[in-house]
1. Alpha carbon centre of the range 285-312 versus the range 323-390: separation in Å?
2. May I ask for the net charge around Tyr383, where only other residues with Cβ less than 9 Å from the Cβ of Tyr383 are counted and Lys, Arg are +1 while Asp, Glu are -1?
3. Using all alpha carbons of the range 68-139, what is the percent of pairwise distances in each 5 Å bin, ordered from the shortest bin to the longest?
4. Specify, per residue and in Å³, the volume enclosed by the convex hull of the alpha carbon atoms belonging to the range 5-130.
5. Length gain on complete extension for the stretch Lys145 to Gln259, per 0.36 nm per residue less the alpha carbon to alpha carbon distance?
6. Calculate, axis by axis, the spread of Cα positions in the range 72-112 along the three principal axes, and write the results as whole Å, longest axis first.
7. Give me the Debye-computed log₁₀ of I(q)/I(0) at q = 0.13, 0.14, 0.25 Å⁻¹ for the range 298-390, equal point scatterers on Cα only, no solvent, two decimals.
8. Would you please name the chymotrypsin sites (Phe, Trp or Tyr not before Pro) within the range 156-231 that are DSSP coil residues with at most 15 other C-beta atoms within 10 Å of their C-beta?
Amino acid sequence: MSNFNIAIVGAGIGGLTAALGLSQKGFEVTIFEQAPELSEVGAGLTITPNATKGLRYLGIEEEVANIGMAHDLQGVRNYESGEIIVPLYRGKKMLEKYGAYQYQMHRADLHSLLADKLISINPESIHLNHECIDLSEGNDKVVLKFSNGKRFDFDFVIGADGNRSKIRNTILGDDDPQFSGYVAWRGLVPTSELSEGDFDECGSSAFIAPGRVFARYMVRNGDLYNYVAFLATDEWAEEGWSIRSEVGTLLETFADFNQQVKNIIRATPPDDCYKWGIFTREPAAKWSTSKVTLLGDAAHPTTPFMGQGAVMAIEDAVVLTRIIEQSNNPEEIIERYENARVERANFVMNHSRKAGERFTGNEPEKYSKEDHKNEEELGLFFYDPGTVEF
Ligand SMILES: Cc1cc2nc3c(=O)[nH]c(=O)nc-3n(C[C@H](O)[C@H](O)[C@H](O)COP(=O)(O)OP(=O)(O)OC[C@H]3O[C@@H](n4cnc5c(N)ncnc54)[C@H](O)[C@@H]3O)c2cc1C
């Protein structure tokens, strides 16, 4: 085992991916998570081929295939008629063109898979109930301080603590992220509660309307429909980021959508209806100091309209693992990592914002492939974090 001693703050998908990659390479990694138990939001996740290749690098592609669904057809559709405006061919086409499938899955399934793999290599690596509240950097070490009074020192620290990152706040000194102008409801609905008309040839669809999008796809072998419903709005007046909502409110907001959408919303378990304010930041040119860097949402919190947030976190984690494997000089690691990742992540942040504007524009019938490039047409899927040169 290498004696280069690394801490990761945050056991979300990004932090766990980095911890698994580095542990596989023989590094001593400690991952600190503020929550008392490992868990993920009850929602779906799209993993595009660029991230599937990252998970392949970790040797877990087969398990990912078992928890994911590779739908053949994804459609951008009219909200009233359900008519497909732009068909997006996925399934085997992704494998043929990009060398890996696109999968849609329950977020918790990927989160558990990463955690189980990590624990099987390094059973003591995850420290729960450890909320990092401060860090200080000396000549040799970085000291992390926790709200439970503990402190530890490390050679290198990775902040993977999400959108409201304490590590980012400490090293870059910037403010909290800003409301992006979108609210999202997320739901998981048992398909057994739905009737035949609620299913069609599109395993995955985004119904677009002025100011709103309803995206839905099946997960867990078709046992659940995952949906995310977006509303463009000026205000997020609520206290928290994620608050309980009412199925009735959601139904009202999407009352002019087609019957399939309304049936899916109606089948939401009443205790499971939550909404989120989507918060983001301006792209940053640097994510690091001399021995501390960031990955995932801590580095580049993006709007979710290209489904690339967790995907970028996986890419960051795999590239960072490969760089650390080649050098244990913190400054060299950071220079190579930022050179490899900042421009790409910022490109995704900028295009995700534009994608949101297009999806929620006033003339959904005019949405077309000619006017813009989506995440596939921008070439994002060709990237392989496991082999890319840096
Ligand atoms: C509606 C919606 C839909 C989305 N859909 C997709 C999609 O389909 N595909 C996709 O790729 N992305 C999607 N995303 C984006 C994706 O969810 C995020 O980009 C991704 O989860 C970021 O992972 P992360 O590990 O960087 O951060 P997080 O998942 O936020 O994990 C951060 C972890 O750090 C912990 N933490 C925070 N502060 C501290 C602290 N001080 N000390 C210790 N621990 C701490 C947290 O408890 C958490 O466990 C979506 C986002 C939204 C809002």
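Here, each number is a calculation from the coordinates, and none is a lab measurement. Only a predicted model underlies this, so the values are computations on that prediction, with no experimental measurement involved. Cβ atoms come from the backbone with ideal geometry, glycine included; neighbour counts cover every protein chain shown.
1. 11
2. Numbers: positive: Lys53, Arg344; negative: Glu315, Asp384.
The answer is 0.
3. 3, 11, 11, 11, 13, 12, 9, 8, 9, 7, 3, 1, 0
4. Per-residue hull volume (Cα only) is 115 Å³.
5. Values: separation 114, 0.36 × 114 = 41.04 nm, distance 5.23 nm.
Answer, rounded to one decimal: 35.8 nm.
6. Principal-axis extents of the range 72-112 (Cα, largest first): 38, 27, 10 Å.
7. Log10 I(q)/I(0), no solvent term: -0.50, -0.57, -1.29.
8. Details: sites: Phe156, Phe179, Tyr182, Trp185, Phe199, Phe207, Phe214, Tyr217, Tyr225, Tyr227, Phe230; in loops: Phe199.
Those that pass, being in a loop and sparsely packed, are Phe199.
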